[in-house]
Amino acid sequence: MSPYFARQEARQAAFNYIQALLSPVERKNGWQIAEQVGNENPYRVQHLLGRAQWDAEKLAQEIRQYAVAGLSEPNDIFALDETGFLKQGSQSVGVQVQYYGTTGHLENCQVGVFLSYITGKGHTLIDRRLYLPKSWVEDSDKRCKAGVPKTTTFATKAQLAQQMLQSAWDAGFRSAWVVADEVYGNDTRFGRWLEQTGQQPYVLTVNKKHSVVIGWQPYRAEAVCQSLSPEQWQRLSCGQGSKGEREYEWARVAVNCGDSGDFQRWLVFRRSLEQLGQAQHISYYQVFAPKETTLATIAKVTGKRWCIEECFKLAKSQLGLADYEVRSWVGWHRHMTLVLAAQTFLTVLRAQVEPITEGSDCASPLLATIGSLAVFKALRGRSSS
């Protein structure tokens, strides 16, 4: 990380910051981080996140490279998702009343779009973008106070996801799959971009009204699902869960995708074994992949999307992802970058010293007091009692 900091003081402050993020401090805000690293006040922390000379964008690229080098496997996945950060007031960059996924309601919050890297060795967040609502893009006074670059224009969440993927591709990193939820799947331009620009296999969640063309006729996803015969459904696992194999019934139908060569587009359906006759318990996906791809493979890839949720959970509960107190554009991106560095370090370290046992579907490191017997036993699958 050192080359990305102009001065020794900034390098040391960043090192201390990451150590504090990895520590058992309950809240990783300015005062508690300062206290953890032995500072009398949070001024050095504030300077690091605001005025110090260092390049968060290039550091984020280094983090991505470190993650891929340490975790790479042939069937790797880039997963995309957004998460919200509750805020008071109206001055924090990008804050407004908007959808907050944790509660499912409208809240006063900021929203960040993140890219994670997922393999059998582990999963970690590797890139980030702050979603800037139109109300902020069009308010020059707010932009100026928060330090939003003049070149920043409005971008949807799917466009921010596209930016992160393009950055990874430009650096030579391509994953076997891209997975994302309805926010991205319902944006038809995003799927077309993946197909046409990168010929990138993907699994995107869509809603029941999603429109496809089969032959010469347009259909809604829900109508296609209702036309399926019992023989078209297969019982398949999408991976290990806390209670064993996560089994569902799956089906797929090929849909038009133009001249895609050796690739095919499908509508894929998943329904719960406990509610086979209930339409509200059916999930819908649009999939683009090589024609020889099996439904069992698609089910496994679909089941991996939850790993980015686990990344968010770990980063928020133990690494301070949501504990920041900065209001500026620069401060937000710098804090997020250092959290990504901490999480990626932990994930790669675990892959090196404690490989995931075969059949396990959990590859996210656990944190507790350093050196504790609980951690020693947990890493080896033993009870702490």
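The values are calculated or read from the model by the stated rules, or taken from the named source; none is laboratory data. Computed from a predicted model, the values in this text were never measured in an experiment. Positions of Cβ are generated from backbone atoms using ideal geometry, with glycine treated the same way; all protein chains shown enter the neighbour counts. For the accessible areas, the whole protein counts, side chains as well, though only heavy atoms, and no ligand, DNA or RNA atoms are used. Shrake-Rupley method; radii C 1.70, N 1.55, O 1.52, S 1.80 Å.
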What about residue 246, is it more than 23 Å from residue 180 (Cβ to Cβ) and of a type in the set (D, E, K, R)?
-> no
Only residues that are within 24 Å of residue 327 (Cβ to Cβ) and not β-branched (Val, Ile, Thr): list them for segment 147-158, please.
-> 147, 149, 150, 154, 155, 157
Of 73, 82, which residue is open to solvent by 60 Å² or more (accessible area, probe 1.4 Å), at pLDDT 90 or above and among the acidic types (Asp, Glu)?
-> 73
Which one is most open to solvent (accessible area, probe 1.4 Å) among residues in segment 127-151 that are without any contact (Cβ under 8 Å) to a residue 60 or more places away in the chain and part of a loop (DSSP other than H, G, I, E, B)?
-> 150
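Name every residue in segment 188-201 that is assigned to a loop (DSSP other than H, G, I, E, B) and at pLDDT 95 or above, in order of residue number.
In the first step, residues of segment 188-201 are kept if they are assigned to a loop (DSSP other than H, G, I, E, B); the result is 199-201.
Result: 200, 201.
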Considering segment 317-354, residues that are touching a residue at least 60 places away in the same chain (Cβ under 8 Å) and open to solvent by 50 Å² or more (accessible area, probe 1.4 Å), and then whichever is nearest to the chain's Cα centre (by Cα), we arrive at 345
Selection from segment 1-48 of residues open to solvent by 40 Å² or more (accessible area, probe 1.4 Å) and of a type in the set (D, E, K, R) yields 7, 9, 11, 26, 27, 35, 40, 44
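Any residue in segment 288-304 that is touching a residue at least 40 places away in the same chain (Cβ under 8 Å), open to solvent by 40 Å² or more (accessible area, probe 1.4 Å) and under 25 Å from residue 128 (Cβ atoms)? Walk me through how you get there before you give the answer.
Looking only at segment 288-304, we keep the residues that are touching a residue at least 40 places away in the same chain (Cβ under 8 Å), and these are 288-290, 293, 295-296, 298-304.
With open to solvent by 40 Å² or more (accessible area, probe 1.4 Å) added as a condition, the list becomes 296, 300, 304.
When the remaining residues are screened for being under 25 Å from residue 128 (Cβ atoms), the result is 304.
Yes; the residues of segment 288-304 include at least one that is touching a residue at least 40 places away in the same chain (Cβ under 8 Å), open to solvent by 40 Å² or more (accessible area, probe 1.4 Å) and under 25 Å from residue 128 (Cβ atoms).
Considering 190, 154, 173, which residue is within 14 Å of residue 288 (Cα to Cα) and of a type in the set (A, V, I, L, M, F, W, C)? Can you show your working first?
Values: 154 fails: within 14 Å of residue 288 (Cα to Cα); 173 fails: within 14 Å of residue 288 (Cα to Cα).
Result of the check over 190, 154, 173: 190.
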Tally, over segment 322-355, of residues that are at pLDDT 95 or above, more than 19 Å from residue 143 (Cα to Cα) and of a type in the set (Phe, Trp, Tyr) | 1
Using beta carbons and a limit of 9 Å, which pairs, at least six apart or on different chains, have the first residue in segment 60-76 and more than 23 Å from residue 202 (Cβ to Cβ) and the second one open to solvent by 70 Å² or more (accessible area, probe 1.4 Å) and among the basic types (Lys, Arg)?
-> 70/121
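Just to check your reading of the model, which residue among 166, 159 is open to solvent by 20 Å² or more (accessible area, probe 1.4 Å), within 25 Å of residue 268 (Cα to Cα) and polar (S, T, N, Q)? Show your work before the answer.
Values: 166 fails: within 25 Å of residue 268 (Cα to Cα).
Just one listed residue meets the conditions, 159.
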Which residues, taken from segment 205-221, are open to solvent by less than 90 Å² (accessible area, probe 1.4 Å), under 17 Å from residue 191 (Cβ atoms) and either in contact (Cβ under 8 Å) with a residue 12 or more places away in the chain or basic (Lys, Arg) (or both)?
-> 205, 206, 207, 210, 212, 213, 214, 221
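Can you pull out the helices (runs of 4 or more DSSP H) entirely within segment 1-54 that have at least 3 residues that are closer than 21 Å to residue 65 by Cα and in contact with a helix residue (DSSP H, G or I) (Cβ under 8 Å, 6 or more places away or on another chain)?
Values: elements: 8-22, 30-37, 43-50.
It comes to 8-22.
Residue-wise test of (1) open to solvent by 30 Å² or more (accessible area, probe 1.4 Å); (2) assigned to a loop (DSSP other than H, G, I, E, B); (3) in contact with a Cys (Cβ under 7 Å, 6 or more places away or on another chain).
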| position | (1), (2), (3) |
| --- | --- |
| 173 | yes, yes, no |
| 183 | yes, no, no |
| 203 | no, no, no |
| 223 | yes, no, no |
| 228 | no, yes, no |
Test for residue 127: is it of a type in the set (Asp, Glu), within 16 Å of the chain's Cα centre (by Cα) and at pLDDT 95 or above = yes
Of the conditions (1) assigned to a strand (DSSP E or B); (2) over 21 Å from residue 76 (Cα atoms); (3) in contact with a helix residue (DSSP H, G or I) (Cβ under 7 Å, 6 or more places away or on another chain); (4) of a type outside the set (D, E, K, R), residue 260 clears all except one; give me its number.
-> (1)
